[in-house]
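Below you'll find the structure, written out as structure tokens, and then a few comments.
The values are calculated or read from the model by the stated rules, or taken from the named source; none is laboratory data. Since the model is a prediction, treat every value here as computed from it, not as a measurement. Please note: Cβ atoms are built from the backbone with ideal geometry, for glycine as well, and neighbour counts cover all protein chains shown.
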Amino acid sequence: MNDSESPHSIEIELYFIPDITPAKEIEYAYQLLQKLKELKKINFKIYESISDKESRELEEEIRIAAARGKFKVVSGGGAALVLSGSKKLNHLHGPILIVRRDQKVVQVYPRGEPGLKGSRISTNDFLSEALNSNTDDFFDIDLKTFTEQDLRNLVIRRPSLIEENLTFVDVEVNIDSAIIDLVFIDAENNHLVLEFKLNAEDKTIGQVTRYNLDSYAKLMKIPKNKIRKGIVTLGFTGQIQDACKSNNIELYVLKFENIGFSN
């Protein structure tokens, strides 16, 4: 299916095999694509049961795109990504989505973050996020807005931004009534549980205070007094700094400093 002219240099391709790919996933993806076309004028093409030669060519394009190190594409560790463990197109868990700019592959879904457990983003996750995005540049990867996940990934790769000698434990840890964004262990074997916000507000305190630390301590088999709570942000508003002190929550504000040329 090839839609009419689009004002965007971005084009989406959706791939699936009717007898293999779950029908509900295909239907939902198509609905999201139709809404994107209506609301944001994003064109798309649908490909059913492409040939072996076309599959091999697409697999190669995906591997080349992933070689830039921006995302993970080969399934492993329980995560079903765009390529199977044998590096063939993986149609079993949902449709495959390719984002092209000027005919070049710039993104693929489902995908993951390199070295980051639990980071799988499915085709429909991405389409839903794109549909709800407030920016028209969402599909232009080079212009895509910096997200809370980007901030979290930055800290995972550079934990010294928080403090020295932190060891990564896990992301998106489910406990009663909440999901902890990220967990580290410090040099004294304390667990540092972190909430990430691009801009922390007073209500962010409520999200952290709702962490059921009794549940987390039981899950990790550690004393409750071995748990530290923190917020990581690029900025904050309101009375959050005083509220953090009152609630024994550590506040980490990451800043970029010009140490080169300045006027």
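Tally time: how many residues in region 192-216 are closer than 14 Å to V169 by Cα and touching a helix residue (DSSP H, G or I) at 6+ places or on another chain (Cβ under 6 Å)?
Looking only at that region, the number is 0.
Look at I46 and say whether it is of a type in the set (V, I, T), surrounded by 13 or more Cβ atoms within 10 Å (Cβ to Cβ) and more than 22 Å from the chain's Cα centre (by Cα).
yes
Just to be sure I understand, how many residues within region 181-192 are at pLDDT 90 or above and either within 18 Å of S119 (Cβ to Cβ) or touching a Ser or Thr at 6+ places or on another chain (Cβ under 6 Å) (or both)?
Going through region 181-192 one residue at a time, the tally reaches 4.
What's the total number of residues in region 135-160 that are modelled with pLDDT under 85, under 15 Å from E195 (Cβ atoms) and of a type in the set (D, E, K, R)?
Within region 135-160, residues that are modelled with pLDDT under 85, under 15 Å from E195 (Cβ atoms) and of a type in the set (D, E, K, R) number 1.
Mind checking which residues of region 87-105 are modelled with pLDDT of 90 or more and not in a strand (DSSP E or B)?
Once the filter is applied, which keeps residues that are modelled with pLDDT of 90 or more and not in a strand (DSSP E or B), region 87-105 yields K87, K88, N90, H91, L92, H93, G94, P95.
Go through region 81-108 residue by residue and tally those that are farther than 18 Å from E57 by Cα and surrounded by 17 or more Cβ atoms within 10 Å (Cβ to Cβ).
The total comes to 2.
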